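Step one of this worksheet: look at the structure below.
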Amino acid sequence: MIRPRLSLVPVLCLALWPTAPAAHPHIFIDAGLRLVIEDGQVTAVEVTWLYDELYTLILLEDYGLDPDLDMVLTEAEIDATLGFDLNWNSGFEGGLTLSRGEAALEVGAPEPVSLGLTEGGQLTTTHRRPVTDPGGVAPIEAQIYDAEFYIAFEMTGEMVSDGASCEANLLRADLDAAYARLEAAIEEIGGAVSAEDNFPAVGAYFADRVVFECAG
């Protein structure tokens, strides 16, 4: 996604992170997945992102959304803004990886599906991506992360499937190990971290995993 102008987010990050100079991540997203399965193969995936409250406020202001503060977006607002977060750049390609056993599944380009606000006032979007899956009996493993850790994803949203009965098991990241690797990576670059220029690519260490065990 485009890395937009941020004013308040780094303040939040400084308060949350044990190492203040890191000042990452800037955006916090809870992610959910819906696998579309046909004849035992994943043919598409719908990805839902729920933005944190602070970043939601920034987006609402930047895009002029919900000026009446009724927590409902009009059709005109949706039509003008749908897909705003799919214009990816800086090497970010959506953060989604799917695999079956040792084989990575090919995930295609996204198409926007929906945009809205929750009752609590958080912005949520859904996009759909085609998937090329050779099939097989191995479980399907999914991760969503930003390698640069500009965005912190948690896979705590709804994990469901259409076309097959699947049980989704969430495996949370080992944060102690992730922080240790982050500290080691910072030491390797001399302990001097620029928030955007040389922050180590540690996002994978903080990534949750979801394993889909599907019947049949």
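No value in this document is a laboratory result; all are computed from the given coordinates. Source: prediction; values computed, not measured. In this analysis, Cβ positions are derived from the backbone assuming ideal geometry, glycine residues included, and neighbour counts consider all displayed protein chains.
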Quick calc, the stretch 75-216, dipole around Cα centre from Cβ unit charges on Lys, Arg (+) and Asp, Glu (-), nearest 20 debye, gives 300 debye
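Which loop-located GluC sites (Glu not before Pro) does the stretch 39-74 contain, where loop means any DSSP state but H, G, I, E or B and the Cβ has at most 10 other Cβ atoms within 10 Å? Please list the in-between numbers first.
Numbers: sites: Glu46, Glu53, Glu61; in loops: none.
Taking the stretch 39-74 and a limit of 10 other Cβ atoms within 10 Å, no loop GluC sites (Glu not before Pro) are found.
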Distance in nm between Asp162 and Leu69 label points, each 7 Å along Cα→Cβ, equals 3.7 nm
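Are there any GluC sites (Glu not before Pro) in the stretch 121-169 that are in a DSSP loop and have at most 15 other Cβ atoms within 10 Å? List them by number.
Values: sites: Glu141, Glu148, Glu154, Glu158, Glu167; in loops: Glu148, Glu158.
Those that pass, being in a loop and sparsely packed, are Glu158.
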Sort 174-183, 31-40 by packing, meaning the average of other beta carbons within 10 Å per residue, with the highest value first. 31-40, 174-183
Could I have the simple spin-label model distance between Ser114 and Asn89, label points 7 Å from Cα toward Cβ, reported in nm to one decimal? 3.0 nm
Identify the chymotrypsin sites (Phe, Trp or Tyr not before Pro) of the stretch 36-71 meeting these criteria: DSSP loop state and at most 14 other C-beta atoms within 10 Å of the C-beta. none
